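Here's the structure, in structure tokens; my notes come after.
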Amino acid sequence: MFDAESADLKTTKKKTTKKEPSALVRKFKENGTFYSDLFKLQLGKALQYVGFRKESKNAAYDREGNLHPDWLTKEHTHFYRTVDSKGKVQEFCAPACGHTHRMKVNRNSAGEIISVECESGPLSMQVTDKYGKKERVYMPVNDFDDHTHETIYVRSDKLQNQSINVEAAKVISREASKNSKDVFDNEGKKLETLAVQ
């Protein structure tokens with residue numbers, strides 16, 4: 001048998017002291033400001049599908065003799081904001097001619113914007129079936145068009161985080177209370193409850 005005294009081992013019990021629970025440290029969301037930068041994507045040419053007719057002068061045949069549909073070249077521009085009005089960082093420019101482009105913002109070590117580049121060719125949102133679930137993904141518009149745009153800086157806007165509009169909240173509460181047949185005055189105070197007949 002094992003003898004604790006002969007092994008010269010000492011067992012000590014730790015005294016546990018009850019600690020008071022620490023107080024909650026509240027973190028408030030500041031009603032801060034942020035900057036939204038506007039960029040214009042320069043004039044570019046996109047191929048747009050306009051039909052499929054054999055007798056058309058715009059129809060083209062490839063090397064194997066396959067007929068391609070009619071395409072028109074359309075000039076267009078896009079606009080891109082780095083951040084939307086809610087403070088969400090934007091990944092795509094505004095759509096035009098049925099497509100959009102993925103954008104890339106280049107920053108220096110201090111976090112300041114150096115340049116904005118058009119990173120992809122024309123993309124459109126399409127619904128795909130993945131593992132039995134439908135997903136919205138951005139896919140290339142077609143296999144022939146891969147144009148991009150040069151970007152120029154237009155301006156910056158200083159925006160504030162959105163707060164609750166008190167008047168809008170009153171209107172919403174009045175509309176919701178119409179179902180309960182309550183009567184309110186212009187201040188939003190309840191005057192009486194009508195009997196539902």
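The values are calculated or read from the model by the stated rules, or taken from the named source; none is laboratory data. This one's a predicted model, so the numbers in the text were calculated from it and none came from an experiment. Glycine also receives a Cβ, built like all others from the backbone with ideal geometry; neighbour counts cover every protein chain displayed.
What the table shows:
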| quantity | calculated |
| --- | --- |
| Pairs with Cβ under 9 Å, 6+ apart, first in segment 85-104 and touching a residue at least 40 places away in the same chain (Cβ under 8 Å) and farther than 17 Å from Glu117 by Cα, second of a type in the set (S, T, N, Q) and surrounded by 13 or more Cβ atoms within 10 Å (Cβ to Cβ) | Ser85/Ser36; Lys86/Asn161; Gly87/Ser36; Gly87/Asn161; Cys97/Gln48; Gly98/Gln48; Gly98/Ser124 |
| Hits in segment 101-132 (condition: more than 18 Å from Asp37 (Cα to Cα) and out of contact with any Asp or Glu (no Cβ under 9 Å at 6 or more places or on another chain)) | Ser109, Leu123, Ser124, Met125, Gln126, Lys130, Tyr131, Gly132 |
| Matching residues, segment 120-151, being of a type in the set (A, V, I, L, M, F, W, C) and either touching a Cys at 6+ places or on another chain (Cβ under 6 Å) or surrounded by 14 or more Cβ atoms within 10 Å (Cβ to Cβ) (or both) | Leu123, Val141 |
| In segment 46-64, residue nearest to Gly121 (Cα to Cα) [restricted to those that are surrounded by fewer than 12 Cβ atoms within 10 Å (Cβ to Cβ) and modelled with pLDDT of 65 or more] | Gly51 |
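Per-residue answers, yes or no, for (1) modelled with pLDDT under 65; (2) farther than 30 Å from Phe144 by Cα; (3) aliphatic (A, V, I, L, M); (4) surrounded by 15 or more Cβ atoms within 10 Å (Cβ to Cβ):
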position	(1), (2), (3), (4)
Asp8	yes, yes, no, no
Thr12	yes, yes, no, no
Thr16	yes, yes, no, no
Arg81	no, no, no, yes
Ser85	no, yes, no, no
Thr100	no, no, no, yes
Arg107	no, yes, no, no
Cys118	no, no, no, yes
